Amino acid sequence: MSRLMDLVAGNAPDILMVIGLDDIVALDDRRRFPAHLALGSGLDPTWLDLFAEAARTVTGADGPTDFIDARLELDAPDHDERTVERVDPSWITSVAMISETDLGAIAGRWIELVEDEIGELPREEKPWIRDLAGRIVVFCRAADRAPDVLFAWSLR
């Protein structure tokens with residue numbers, strides 16, 4: 001079983017089947033899944049809460065809510081050591097609406113919040129986080145009209 005921390009848009013049963021088969025490469029098939037974002041198994045899910053906080057701070061909007069509050073229980077079979085949760089569509093829509101002009105400031109604030117949590121980041125990590133902020137917004141724009149968005153993750 002491969003480690004994962006992924007956001008996937010599409011039909012929940014199809015996503016669950018692919019995850020259950022451990023065919024993670026199939027999640028990149030845009031004919032089946034309109035959007036897939038591999039966040040990397042080393043990312044702490046709480047960083048998405050910090051991303052949402054940064055977005056609210058920069059835009060002055062009420063959303064997106066913290067990611068932990070946007071994760072909804074999924075009535076689905078257990079996937080061993082993996083957790084699969086539905087993402088509230090309003091979280092996806094809020095992120096999809098982030099303006100390109102705000103993205104740089106959001107990424108900068110996100111880095112500050114992460115550093116407040118874990119300490120100063122090495123300089124070489126910051127471009128990766130800035131890039132990830134943009135990829136999260138692109139994912140949400142592609143996923144905004146999908147029937148389901150699932151968050152699948154494992155810690156091992």
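The values are calculated or read from the model by the stated rules, or taken from the named source; none is laboratory data. Since the structure is predicted, the reported quantities are computational estimates derived from the model, not experimental observations. Cβ sites come from the backbone with ideal geometry, for glycine too, and all protein chains shown count toward neighbours. What goes into the accessible areas is simple: the full protein's heavy atoms, side chains included, and nothing from ligands, DNA or RNA. Shrake-Rupley method; radii C 1.70, N 1.55, O 1.52, S 1.80 Å.
Excluding L103 itself, what net charge comes from residues whose Cβ is under 13 Å from its Cβ, given Lys and Arg +1 and Asp and Glu -1?
On the way: positive: R109, R130, R135, R141; negative: E100, D102, D131.
Residues close to L103 contribute a combined charge of +1.
Could you point to the label whose value was computed as Cα extents along the principal axes in Å for the structure here, given (i) 46, 33, 29; (ii) 50, 34, 28; (iii) 38, 31, 25?
Computed from the coordinates, Cα extents along the principal axes in Å corresponds to (iii).
Give the carbon-plus-sulfur fraction of the accessible surface of the range 13-156 in %, rounded to a whole number; probe 1.4 Å, heavy atoms of protein chains only.
Numbers: 3750 of 7700 Å².
Summing carbon and sulfur atoms, their accessible area is 49 percent of the total for the range 13-156.
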